[in-house]
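Working notes, structure below.
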Amino acid sequence: MDAVDLLVQDIGELLTMAEGEGPLGVRRGTSVAFTGGELVWLGPAEQAPRAREVVDGRGCVGLPGLVDAHTHSLFAGSRAGEFQRRLGGTSYSTILEEGGGILSNVRATRAASDEELAASLSGRLQHFLEQGVTHVEVKTGYALDLEHELRCLRLLTGRRWPTRVSPTFLGAHTVPAEWRPDRRGYVGFLIAEVLPQVAVLAEFVDVYCDRGAFTLEDTRSILEAGLALGLKGRVHAEQVQHTGAAALAAELGCTSADHLERLDEAGVAAMGASETVAVLLPGAMLYLKDPPPPVAALREAGVPLAVATDFNPGSSPVRSLLACATLSCLTMGLSVEEALLGITRVAGRALGRPELGWLGPGSTADLALFRPPPGEPVCHASLVQYLGGHRAEAVVRDGLRVV
Ligand SMILES: [Zn+2]
């Protein structure tokens, strides 16, 4: 083989996450070679090809680039004051009635310039990248009118960001202030006016189906309209109240149903009979003091479990995907293996991207190296055991070293 572009050499412990290589595909003393933006070789360090650039992987745990399958990273406005008020006992509904909460982000996002939105999004995605995350799903949904939802999607899809981005249209996030008296009117407007224009920019259509947001009937209309336009579907389902949205997601062939704290037996069975991935969001569960989703029943039914940050300024201001893996073990009962699969290969599945979240021929050329916490052996378990604080030693995205 000619000299390759980049070789990550002699990785202490590498998890390939490839199918058919055991639960995590654990290998020791392995090297991975990249050329032309592709992973071209993976094997024993002593057989590695020559390379123009070499990254020393000794003493590190190597993972495929991590995948965050659910974030609301594109917004303007701060809710730090609201956080303090809620700690002091003010309810979210009171804050919302005063025009705060998500509605304050809507005002700020509409008022922000493209450059202001781009700077904050870029900073957030750079932070994810430095923690080994190379692919992030980003939802709109803080603009909620045609002009600014389109502007947000054009911004998302029109630039190169620190991580790759899967763009999701979440016009059905909440009913904007100007449509509050007429929710069904807003749903009709989304379907007739907005979806046809955003469908050429977004990859997914998402609906927040819950108390105070959109009904099951609204959700079906919006998802069916989006699917007919060629978008893939996903749903915020069963978070605050049981609605039947997860079963609807399964019925319509959505790639994921997310949250699921109030999922019932029928919903579990429907998901088990479908390809729909359960995306678990322990950050929101923690901040909102929700009960855990029925993980044992989902596991029993064979539903794939992904874990994501749900990064947003209100219910989950959580910027660490590995910390969410830890929280999914502590608060939801996932194993270390399930949590790591949930932020890699299964997260890729939740985004309808089977090339994400594993390492081997045909995978994305993304790899993250982590040095274990001081005094710990080179073993993936400590990455999940320690809560947060894992800055990647090196990150490869699309075959190039970017951290
Ligand atoms: Zn969300």
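The values are calculated or read from the model by the stated rules, or taken from the named source; none is laboratory data. These figures come from a predicted structure and were not determined experimentally. So basically every Cβ, Gly included, is an ideal-geometry build from the backbone, and we count neighbours across all protein chains shown. These accessible areas exclude ligands, DNA and RNA; they are computed on the full protein's heavy atoms, side chains included. Shrake-Rupley method; radii C 1.70, N 1.55, O 1.52, S 1.80 Å.
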Charge dipole (the chain, unit charges on Cβ, about Cα centre) - positive-most of 205, 377, 295: 377
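Could you tell me the calculated FRET efficiency between residue 229 and residue 265, based on Cβ-Cβ distance and R0 = 22 angstrom, to the nearest 0.05? Spell out each step's value before the answer.
Numbers: r = 33 Å, r/R0 = 1.50.
FRET efficiency, residue 229 to residue 265: 0.10.
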In Hz, Karplus ³J(HN,Hα) per residue of the stretch 6-16 (6.51, -1.76, 1.60; θ = phi - 60°; x = Gly, Pro): 8, 10, 9, 9, 6, 5, x, 9, 10, 9, 7
Rounded accessible area of residue 340 (nearest 10 Å², 1.4 Å probe): 0
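Can you compute the FRET efficiency between residue 335 and residue 98 using 1/(1 + (r/R0)^6), with r the Cβ-Cβ distance and R0 = 41 Å? Round to the nearest 0.05. Don't skip to the answer; put the middle values down first.
Values: r = 43 Å, r/R0 = 1.05.
Efficiency, rounded to the nearest 0.05: 0.40.
Please compute the length gained on full extension between residue 241 and residue 379, using 0.36 nm multiplied by the number of residues separating them and subtracting their Cα-Cα distance.
Details: separation 138, 0.36 × 138 = 49.68 nm, distance 3.95 nm.
Roughly 45.7 nm would be gained on extension.
Based on Cβ point charges of +1 for Lys and Arg and -1 for Asp and Glu, what charge dipole magnitude is obtained for the chain about its Cα centre, in debye rounded to the nearest 20?
On the way: 35 positive and 48 negative charges, 134 e Å.
Roughly 640 debye for the chain.
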Residues with amide H under 5 Å from that of residue 277, placed H, sequence gap 5 or more: 256, 257
Inter-label distance for residue 147 and residue 200, nm, one decimal - labels placed 7 Å from Cα along Cα-to-Cβ: 2.0
Projected label distance in nm at residue 130 and residue 91, using a 7 Å step from Cα toward the beta-carbon: 4.0
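Using square roots of five times the C-alpha gyration tensor eigenvalues, list the equivalent-ellipsoid semi-axes of the chain in whole Å, biggest first.
Numbers: eigenvalues 256, 98, 83 Å².
Rounded to whole Å, the semi-axes are 36, 22, 20.
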Backbone HN-Hα couplings from phi across the stretch 159-175 [Karplus 6.51/-1.76/1.60, Hz, Gly and Pro as x]: 9, 8, 9, x, 10, 5, 10, 9, x, 10, 8, 10, x, 9, 8, 8, 7
Paramagnetic reach from residue 83 (point 7 Å along Cα→Cβ, amide N under 19 Å) across the stretch 294-325: 309-325
Under Karplus coefficients 6.51, -1.76 and 1.60, residue-wise ³J(HN,Hα) of the stretch 253-265 in Hz, glycine/proline x: x, 5, 6, 8, 10, 10, 5, 6, 4, 10, 5, 9, 4
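Taking the Cα centre of the stretch 137-256 as origin, work out the dipole magnitude from +1 charges on Lys and Arg Cβ and -1 charges on Asp and Glu Cβ, in debye rounded to 20. Spell out each step's value before the answer.
Values: 13 positive and 15 negative charges, 90 e Å.
Dipole of the stretch 137-256, to the nearest 20 debye: 440 debye.
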Approximate spin-label separation residue 300-residue 184, in nm, with each point projected 7 Å along Cα-to-Cβ: 4.0
Long-range amide H partners of residue 54 with built H, under 5 Å: 7
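Report, to the nearest whole %, how much of the accessible area of the stretch 67-350 belongs to carbon and sulfur atoms, 1.4 Å probe, protein only. Walk me through the numbers before you get to the answer.
Working: 5370 of 9930 Å².
On the stretch 67-350, the fraction of accessible area on carbon and sulfur atoms equals 54 percent.
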Under-5 Å amide H pairs with residue 215, H placed in peptide plane, nonlocal only: none
